[in-house]
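Asker: Have a look at this one.
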């Protein structure tokens, strides 16, 4: 059974539970709303095509591979990361922008990526039985150290419906940000920040939630005691949920199944490495193109599936992973985020990209949430209006400050 390009992308994204809708529920925050009176302008958008699907799949798989913690449960939301970084890239310039475009869109411009993501997100379906939510926000320190470019806020309002707040970055701001995260993940993730780094001047945050019922929920008799053989070779007692499925996956190194959520718009795909193939070997073999092909060529075949009930959360700092993927400049003092804003204090760069996820799979369905936080810092090297280097003959004066009269005046022609 072949799937359409949008269907393939949805299956790919759902393997890591990435979902996205509009700006999310509003909350009361003790901060100045910079977007008050500023509305998103109409944009055209671009429909998902082969170029977008291919680059998104590659980013998803490569990010996943770079952010796995060996021996531990891992879960990332590549779309959430992409959305947070795409907002950030709208403030990038020169080499910084080029590198971010290469990582996020395989070289497509951030302007094109905005168009694709806008249309893709707008067309994601939602219903009572499969709830989708997304929110984007930008938080700016109000100490005068950063003057934000209004065009940067406007483009992120246009394409990402991003709210923008100016706040003192104190304990109240910390509470506001974490309340915003909790609200927009339906309580699945209660906070993204433990404290506000005093060097941070901006946070760009994306929050995602997914809450869907199975198309065919498990009945009481479908759930039985079972054993899960863990990575460390321990045998763990679990509750196994059994079902008869009809969509079979086989990529040559693993086999699996696809189980639909209510409405048939989203699905859960699982791939079990073949005997003799370790999970590490299998993950290393994955490619975006290969995963797309596997999901696109799902077979209509009867499958007896056993899925353990599980839930866990995962958190990772992604700086090293993203730098290794090809955007190192953004994390250095040499970054160019001049389209984001300017500061007399120093140069903007990404101080951290923190990603946190949660998932719960039960008899009734799946709940999952993701938050991506991009924290912007300023370099400690000041940027001056003028530079004077006394490297040739000069005049010097010792001055009486009360009158500005010279007590001594001279020239230095040589230091030899």
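The values are calculated or read from the model by the stated rules, or taken from the named source; none is laboratory data. Since the model is a prediction, treat every value here as computed from it, not as a measurement. Here the Cβ positions follow ideal geometry from the backbone for every residue, glycine too, while neighbour counts run over all protein chains shown.
Asker: Name the residues in the stretch 169-197 that are surrounded by fewer than 13 Cβ atoms within 10 Å (Cβ to Cβ) and in a helix (DSSP H, G or I), would you?
Answerer: Scanning the stretch 169-197 gives a single hit, 171.
So that you can scan it fast, the table gives a plain yes or no per residue for (1) surrounded by 15 or more Cβ atoms within 10 Å (Cβ to Cβ); (2) without any contact (Cβ under 8 Å) to a residue 60 or more places away in the chain; (3) more than 26 Å from the chain's Cα centre (by Cα); (4) assigned to a loop (DSSP other than H, G, I, E, B):
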residue: 263; (1), (2), (3), (4): yes, no, yes, no
residue: 272; (1), (2), (3), (4): no, yes, yes, no
residue: 283; (1), (2), (3), (4): yes, no, no, no
residue: 314; (1), (2), (3), (4): yes, no, no, no
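Asker: Does residue 125 satisfy the condition of being touching a residue at least 12 places away in the same chain (Cβ under 8 Å) and surrounded by 16 or more Cβ atoms within 10 Å (Cβ to Cβ)?
Answerer: Criteria not met by residue 125.
Asker: For residues that are touching a helix residue (DSSP H, G or I) at 6+ places or on another chain (Cβ under 8 Å) and part of a loop (DSSP other than H, G, I, E, B), scanning just the stretch 219-259, find the one that is surrounded by the most Cβ atoms within 10 Å (Cβ to Cβ).
Answerer: Checking each candidate, the answer is 251.
Asker: Right, something else. Answer yes if at least one residue in the stretch 173-181 is free of Cβ contacts under 8 Å to residues at least 40 places away in the same chain, in the same structural domain as residue 372 (by TED's automatic domain parsing), in contact with a helix residue (DSSP H, G or I) (Cβ under 8 Å, 6 or more places away or on another chain) and farther than 30 Å from residue 112 by Cα, and no otherwise.
Answerer: no
Here's the yes/no breakdown for (1) surrounded by fewer than 19 Cβ atoms within 10 Å (Cβ to Cβ); (2) within 30 Å of residue 259 (Cβ to Cβ); (3) in the same structural domain as residue 137 (by TED's automatic domain parsing); (4) modelled with pLDDT of 95 or more:
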position: 334; (1), (2), (3), (4): yes, no, yes, no
position: 342; (1), (2), (3), (4): yes, no, yes, no
position: 346; (1), (2), (3), (4): yes, no, yes, no
position: 352; (1), (2), (3), (4): yes, no, yes, yes
position: 410; (1), (2), (3), (4): yes, no, no, no
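Asker: Please go through the stretch 73-101 and give me each residue that is surrounded by fewer than 21 Cβ atoms within 10 Å (Cβ to Cβ), in contact (Cβ under 8 Å) with a residue 40 or more places away in the chain and more than 17 Å from residue 318 (Cα to Cα), ordered by number.
Answerer: Those that are surrounded by fewer than 21 Cβ atoms within 10 Å (Cβ to Cβ), in contact (Cβ under 8 Å) with a residue 40 or more places away in the chain and more than 17 Å from residue 318 (Cα to Cα): 93, 94, 95.
Asker: What is the residue count in the stretch 136-154 for residues that are touching a residue at least 24 places away in the same chain (Cβ under 8 Å) and closer than 18 Å to residue 198 by Cα? First the steps, then the outcome.
Answerer: Taking the stretch 136-154 as the starting set, the residues that turn out to be touching a residue at least 24 places away in the same chain (Cβ under 8 Å) are 136-143, 145-149, 151-154.
Now narrow it down to the ones that are closer than 18 Å to residue 198 by Cα: 138-143, 145-147.
Residues flagged as touching a residue at least 24 places away in the same chain (Cβ under 8 Å) and closer than 18 Å to residue 198 by Cα within the stretch 136-154 amount to 9.
Asker: Can you find a residue that is at pLDDT 95 or above, touching a strand residue (DSSP E or B) at 6+ places or on another chain (Cβ under 7 Å) and farther than 30 Å from residue 258 by Cβ anywhere in the stretch 206-228?
Answerer: Within the stretch 206-228 (the criterion being at pLDDT 95 or above, touching a strand residue (DSSP E or B) at 6+ places or on another chain (Cβ under 7 Å) and farther than 30 Å from residue 258 by Cβ), the answer is no, since none of the residues qualifies.
Asker: Within the group 22, 84, which residue is under 16 Å from residue 163 (Cβ atoms) and at pLDDT 85 or above? Even if it seems obvious, please write down each step before you answer.
Answerer: Values: 22 fails: at pLDDT 85 or above.
On inspection, the qualifying residue turns out to be 84.
Asker: Of the conditions (1) closer than 22 Å to residue 203 by Cβ; (2) modelled with pLDDT under 95, residue 55 fails just one. Which one is it?
Answerer: If we test residue 55 against (1) closer than 22 Å to residue 203 by Cβ; (2) modelled with pLDDT under 95, just (1) comes out false.
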